[in-house]
Amino acid sequence: MIAIERGVEMVLELATKMARPDRMPVESVPLTESMHRILREDVTADSDSPRFDKAIRDGFAVRFEGLAEVPSELRIIGESRAGHSASDDTNVTPDTCCEIMTGAAMPAGANAVVMVEHTERLAPDRVRILRSVRKGDGLLRQGVEMREGDRLLPSGKRIVLADIGTLASVGKARIAVSKRPRVAILATGDELVEVPEIPDSGHIRNSNSYSLHAQVTEAGAEPVMMGIARDNLADLREKIRLGLEHDILLVSGGVSMGKYDFVEDVFAEFNVKVLFDQVAMKPGKPTVFGHREDTFVFGLPGNPVSTLVAFHMFVRPLILSLLKADGSGSTDLEAQLAVATKRDPYRTAVVPALLRFDGRGYRIQTAPWKGSSDLAGLSRANALVVIPQGDGMIDAGEWVRFIAIE
Ligand code: AMP
Ligand code: MG
């Protein structure tokens, strides 16, 4: 049995050893398909932003020097609205102003914007200004957010929500990203039926394939659903053979000590070189990792929570490594334990947890759940908490790692 950290190291070492320049080629995708993909180009600003001195309030563009004493009356000499700048001959002086809207370009001469709330309209071309302003109030100067040529997003960065608008704003309709590794997902078990079916007694629905599908997608890889293999050598052989044609094969179930757990036997028949098959992790002890030539192979424990945890700990880092992602995709964070928590002497626990803000900071505690098949318990949780193996308790207030699950 190996420690989780050692397992992750072995996975990443193998990924590095088997890395080839052509393994994960670059492809171009439309912006709408770029979420969670890994950038393979440096993205730079194609112009200053703002592109022009821009009003960030609705009101009147003024020269602040004209408002040393307020109230003060100004003559309105023009209008600048978003998308329609003031006419070229509009030149604001200390006793004139230009009506202006948020997002519009500042007219010549003006150096501040008075909010409309601080004015009183007297006539179509006259306004009373009720409050003075300082130079630069109510506007953003050209280029304060970004300068043309600035590097905004480096190659290797995982594209997250915050980046989508940035990419759009600098004109990236298509983006160079790592091609997604193809990940075959194979469920095993005579007891499994597909989701639309109604299981009879002794049967359950295949849920693992769908959790894994979501996890693979989130990690930036391409899930390939391989269905269900039954617990017999012939069916497992056929489906594992097809699965081995992908970059990564995930088999869930059939890797523990049961009489019909044949997955490791079939891996051996296909000359899968197994690097580890037991991890000091709870749940998820019977996690198998190896490779056949270029294909990375995982046997994930069948219970739904175990599968999800094992994927997060071992498969996700592998995918990010194959994609040449930098470290920015980490979802590992720390919070303080809300209640004293018992450790397991032999295995590190990675279990459903409740993370909440108590007014001063984030506190976390294990969620009530009925073990590694309890999907409803998992749904009531919003995190997985990591309780390192060891003796006794971890006191309330101690810092522990957690993984946000969204
Ligand atoms: P196994 O490792 O095959 O013995 O499976 C352990 C437990 O996980 C058993 O209770 C299985 O019924 C359950 N299980 C295995 N595969 C799946 C799956 N794809 N979806 C939901 N539960 C599963
Ligand atoms: Mg099984």
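The values are calculated or read from the model by the stated rules, or taken from the named source; none is laboratory data. Just so it is clear, the model here is predicted, and its values are computed rather than measured. We place every Cβ from the backbone using ideal geometry, glycine too, and count neighbours over all the protein chains shown. When the accessible area is computed, the model is the full protein with side chains, heavy atoms only, and any ligands, DNA or RNA have been set aside. Shrake-Rupley method; radii C 1.70, N 1.55, O 1.52, S 1.80 Å.
Side notes on the structure shown:
- Scan of the range 343-366 for residues that are more than 16 Å from ARG401 (Cβ to Cβ) and hydrophobic (A, V, I, L, M, F, W, C), ordered by number: PHE357
- Filter result (touching a residue at least 24 places away in the same chain (Cβ under 8 Å), of a type outside the set (Val, Ile, Thr) and either under 9 Å from ALA353 (Cβ atoms) or in a strand (DSSP E or B) (or both)) within the range 363-406: ARG363, GLN365, ALA381, ASN382, ALA383, LEU384, MET393, TRP399, ARG401, PHE402, ALA404
- Test result for VAL309, at pLDDT 95 or above and assigned to a helix (DSSP H, G or I): yes
- Only one of the numbered conditions (1) within 25 Å of PRO304 (Cβ to Cβ); (2) of a type outside the set (Asp, Glu); (3) touching a Phe, Trp or Tyr at 6+ places or on another chain (Cβ under 7 Å) is violated by GLN336, and that is (1).
- Considered as a group, the residues in the range 288-317 that are more than 15 Å from ligand 2 (Cβ to nearest atom) and of a type in the set (Val, Ile, Thr) include one that is surrounded by the most Cβ atoms within 10 Å (Cβ to Cβ), and that residue is VAL309.
- Residues (among the small types (Gly, Ala, Ser) and out of contact with any helix residue (DSSP H, G or I) (no Cβ under 8 Å at 6 or more places or on another chain)) located in the range 30-66: ALA45, SER47, ALA55, ALA61, GLY66
- Test: GLU334 is among the charged types (D, E, K, R) and assigned to a strand (DSSP E or B): yes
- Within the set SER306, SER379, the sole residue that is under 30 Å from THR16 (Cα atoms), hydroxyl-bearing (Ser, Thr, Tyr) and within 16 Å of ligand 1 (Cβ to nearest atom) turns out to be SER306.
- Any chance GLY143 is out of contact with any His (no Cβ under 8 Å at 6 or more places or on another chain), modelled with pLDDT under 95 and not in a strand (DSSP E or B): no
- Residues of the range 143-189 classified as among the charged types (D, E, K, R) and within 16 Å of ligand 2 (Cβ to nearest atom), total: 0
- Residues of the range 158-185 that are open to solvent by 40 Å² or more (accessible area, probe 1.4 Å), touching a strand residue (DSSP E or B) at 6+ places or on another chain (Cβ under 6 Å) and within 30 Å of VAL297 (Cα to Cα): LYS179, ARG180, ARG182.
- Among the criteria (1) of a type in the set (Val, Ile, Thr); (2) touching a Lys or Arg at 6+ places or on another chain (Cβ under 6 Å); (3) more than 11 Å from ligand 1 (Cβ to nearest atom); (4) more than 30 Å from GLU41 (Cβ to Cβ), the one VAL195 does not fulfil is (3).
- Within the range 179-191, residues that are touching a residue at least 40 places away in the same chain (Cβ under 8 Å) reach partners that are within 15 Å of ligand 2 (Cβ to nearest atom) and of a type in the set (Lys, Arg) with beta carbons closer than 6 Å, at six or more positions or on different chains, in the pairs LEU186/LYS239; ASP190/ARG230.
- Checked against (1) open to solvent by less than 30 Å² (accessible area, probe 1.4 Å); (2) under 30 Å from VAL160 (Cα atoms), SER72 meets all criteria but (2).
- So VAL160, is it within 16 Å of ligand 1 (Cβ to nearest atom) and under 25 Å from LEU31 (Cα atoms): no
- Counted residues, the range 121-152 - those being under 18 Å from GLY109 (Cα atoms) and free of Cβ contacts under 8 Å to residues at least 12 places away in the same chain: 0
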